[in-house]
Structures are given as structure tokens and as C-alpha cells.
Amino acid sequence: MNWTIQWGAITQAQFMSRHWQQRPLLVRQAFAGFKPLLGVEQLFELACHEDVESRLIRHDGLFNDWSVTHGPFTRRQIPSPTKPHWTVLVKGVDLHNDAVSQLMRAFRFIGEARLDDLMISYASHGGGVGPHLDNYDVFLLQAQGVREWRIGPVKRPQWQAGAPLKLLHQFKPQEVIQLHPGDMLYLPPGYGHDGVAVGPDCMTYSIGFRAPTQGELAHHVLQRHLETDNTDELAHGQRYADAGIRPTATPGRIPPALQDFGLQAVTALLSQPQALRLALGEVLTEPKPRVWFTARSRVKLGACQLDRQSRMLWDNTHVFLNGEAWKVKGEDARLLRQLADERQLSEVQVRSASTDLQALPRDWLQQGWLQPLGRS
């Protein structure tokens with residue numbers, strides 16, 4: 001199914017200019033008549049899988065006590081829906097369910113490099129995860145039941161001492177909003193929110209976005225850069241030497257010459273922008289933890305689509321798929337960029353590729369990174 005967000009009184013472009021990373025937006029019936037894409041028991045079953053990240057959060061409404069248990073769970077560990085004040089959170093549902101993966105495509109206008117995952121929260125009456133804020137953008141789509149959100153800006157966040165969750169202390173909301181099935185609330189990073197289920201069987205889909213810090217991104221990119229052949233020259237280059245130095249009376253001091261040598265090595269590493277861009281593309285498409293692809297021995301080359309777990313991006317010189325890079329140009333580049341943008345190619349398009357390029361989708365089909373069109 002091709003999902004499209006119904007923005008109501010504004011356009012998608014106006015949302016980006018007026019709200020994205022700036023202020024909240026409530027969109028009534030963003031997906032009119034929306035119904036859950038998987039049932040409650042299907043969600044609980046996912047929470048019991050070892051390759052799925054899940055949490056069970058309980059809240060004592062009387063004493064304001066919180067508890068957190070991490071999955072995988074047994075079915076008996078998940079409370080009855082008739083018992084109030086509990087929530088099950090299941091992350092990355094788009095990696096495990098075709099319909100949810102299709103829904104995620106409605107949010108690709110932000111860009112695949114920023115799109116992270118879809119988490120489903122199931123709550124009994126009074127259930128929630130407490131007042132908190134996220135350091136990334138999030139769309140909160142109500143799939144079933146009713147959830148009441150208290151939202152407001154937080155200038156200087158303070159945290160509740162001793163809580164097993166990172167909860168805001170003395171959160172003062174400015175708005176109270178009830179979401180019904182099909183309604184959607186957008187919140188920018190750092191905006192306080194507290195959602196509580198009103199009645200039983202409350203299910204909310206949270207579409208989150210990547211927002212790494214500079215330090216995190218630098219760590220991963222430099223680590224990947226150091227792991228590639230691009231740094232062989234540095235690895236096997238000049239070795240530090242200090243012939244002719246005099247005896248030292250301060251053996252605990254780092255020699256200035258060694259400091260300079262180390263800084264020169266880092267400077268040389270950073271003076272390779274194209275190699276760093278290559279490493280960035282590989283990092284951004286690295287499959288998530290717990291992702292496994294099923295290899296095939298026999299494949300037929302034809303219409304194909306990216307597996308729902310595959311991540312594919314491109315820049316001016318390379319295409320990147322699941323942590324690997326290929327240098328492309330001309331018509332082959334156009335076809336692979338189209339695959340990244342649309343996540344599928346027709347048989348005519350695949351057959352129109354050069355002989356060399358056709359080897360790539362064939363290999364990707366064998367590895368399970370691509371699927372015959374109609375499967376994922």
C-alpha cells in the first residue's frame with residue numbers, strides 16, 4: 001500500500017519550513033480511517049523474539065513508582081490488557097513487518113539517511129512512559145485507542161532522581177492533546193511530552209529519526225576510515241624515531257616531537273575528504289544490530305526491490321548498500337540511485353543495465369539484500 005500523509009490546512013513544504021526542528025504540529029486524520037497494521041498478539045509475539053528490542057514499563061499510579069524490564073519476554077510475562085498502568089515498547093517493527101515497512105515510506109521525504117525506525121507502544125489504561133524528551137524528531141501516530149499527550153517546551157531539563165527511566169522533574173506542559181486513530185503529532189527534538197493511555201488497548205506508532213552528535217559520527221566515520229585500505233599508507237608509513245636526542249631529566253613528560261608526530265598523523269588522516277565521505281556513506285548504511293539476511297543459492301534476475309532491512313544511499317560518486325560502497329557513473333549510476341530513491345526496479349530497468357552492473361543486483365539477490373518484486 002502506498003501511504004500518503006494528509007497534511008490538512010498546510011502542505012508538506014510548509015511543514016518543513018514552519019515546523020520541522022522548530023515547533024510541534026498536530027495533524028488530525030493524517031491517515032484517515034487508520035487501523036493497526038498488526039494485531040496486539042502479533043506485537044506481543046515480536047516482543048518475545050530474541051532479535052527484537054523490547055521493554056515492559058510498569059507504573060504505580062498511586063506512589064509514582066516505575067519499573068523497567070527488558071525483553072525478550074515469555075508470553076506469561078506480559079500482563080493482561082485489563083490490568084492498568086503498563087506499557088510494552090517494541091522497537092524497529094519496520095524491520096520485521098512488511099506493512100509497517102511500507103508505512104515508513106510515507107516519511108522518506110525527510111531523507112533515508114535521517115529516517116531511523118518505527119516503534120510501537122501498546123498500553124493498558126493509564127499506561128505510559130512518563131514525562132520525557134527525545135533528542136530527535138518524532139511523529140506520534142495513533143493506531144488504536146486513545147492517548148492523551150501533555151506537551152511543552154523544556155529549556156533546562158532536570159531529571160527525577162532514582163527513576164529507572166530518564167524522566168523530567170516537575171514537567172510543566174503547555175498543551176493537552178488527545179489523539180484518536182489516524183491522528184498524528186509531530187514533536188521537534190528536546191520538546192517535553194508525556195503520553196497516557198485513556199482506556200484499554202492503546203497503540204501508538206512512533207516514527208523516529210537519526211540525530212547523531214558530532215562526536216558519535218566522528219567516532220564511527222574515523223573508525224571505518226581506519227579500517228579501509230585507504231589508510232594503508234598511513235599504517236605502513238613513517239615510524240616515529242628520535243635519534244640524537246639527549247638524556248632527559250623529566251622522563252614523565254611527553255616529548256614535544258612525539259606530540260607533533262601524532263598530530264601530523266591525525267592531520268594526514270583528516271586531509272582525505274573523499275575517503276571520509278566514503279566512510280560516512282558506509283556508516284550510514286550499516287545494517288542495524290540483530291539484522292540477518294537470508295542468502296539464496298539460485299536467483300532469477302528480474303524486477304526487484306530492496307529487502308525491508310536494507311539501507312541504501314548515494315552521493316555524487318558512490319552508491320552505498322548495507323555498509324558497502326560501489327563507485328558508479330553514467331546510466332548505471334542513474335539506475336542505482338533510482339533503486340535507492342524508490343527502493344525498487346522493474347525488469348526492464350534491470351535488463352537495461354550494463355553487463356557489469358547486472359552482476360550487482362544478482363549478487364545482492366543472492367545475499368538477500370534484494371528481493372524479487374512483491375516479496376521482502
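The values are calculated or read from the model by the stated rules, or taken from the named source; none is laboratory data. Quantities reported herein were computed from a predicted structural model and do not represent experimental measurements. All Cβ positions, even for glycine, are placed from backbone atoms using ideal geometry, and neighbour counts span all protein chains on display. Calculation scope for accessible area: heavy atoms of the full protein, side chains included, ligands and nucleic acids excluded. Shrake-Rupley method; radii C 1.70, N 1.55, O 1.52, S 1.80 Å.
Which residues, taken from the stretch 80-94, are assigned to a loop (DSSP other than H, G, I, E, B), open to solvent by 10 Å² or more (accessible area, probe 1.4 Å) and over 17 Å from residue 58 (Cα atoms)? Even if it seems obvious, please write down each step before you answer.
Step one: list which residues in the stretch 80-94 are assigned to a loop (DSSP other than H, G, I, E, B), which gives 80-85, 91-92.
Then keep just the ones that are open to solvent by 10 Å² or more (accessible area, probe 1.4 Å); that gives 80-85, 91.
Within the stretch 80-94, just 91 meets the criteria.
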(message) Can you pull out every residue in the stretch 251-290 that is in a helix (DSSP H, G or I), surrounded by 12 or more Cβ atoms within 10 Å (Cβ to Cβ) and either charged (D, E, K, R) or on the phi > 0 side of the Ramachandran plot (or both)?
(response) 277, 282
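Each row is one residue, and each column tells you yes or no for (1) open to solvent by 60 Å² or more (accessible area, probe 1.4 Å); (2) in a helix (DSSP H, G or I).
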site	(1), (2)
316	yes, no
326	no, no
332	no, yes
357	no, yes
362	yes, yes
366	yes, yes
(request) Specify which of the listed residues (39, 71) is surrounded by fewer than 19 Cβ atoms within 10 Å (Cβ to Cβ), closer than 19 Å to residue 120 by Cα and at pLDDT 95 or above. (result) 39
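Which of the following residues is touching a helix residue (DSSP H, G or I) at 6+ places or on another chain (Cβ under 8 Å) and either loosely packed, with under 12 Cβ neighbours inside 10 Å or at negative phi (or both): 44, 34? First the steps, then the outcome.
Numbers: 34 fails: touching a helix residue (DSSP H, G or I) at 6+ places or on another chain (Cβ under 8 Å).
Exactly one residue qualifies, and that residue is 44.
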(message) Exactly one condition in (1) in contact (Cβ under 8 Å) with a residue 12 or more places away in the chain; (2) more than 24 Å from residue 30 (Cβ to Cβ); (3) surrounded by fewer than 16 Cβ atoms within 10 Å (Cβ to Cβ) is false for residue 154; which is it?
(response) (3)
(request) Spot the failing condition for residue 190; the list is (1) open to solvent by 30 Å² or more (accessible area, probe 1.4 Å); (2) out of contact with any Phe, Trp or Tyr (no Cβ under 9 Å at 6 or more places or on another chain); (3) in contact (Cβ under 8 Å) with a residue 40 or more places away in the chain; (4) farther than 30 Å from residue 319 by Cα, and only one is missed. (result) (1)
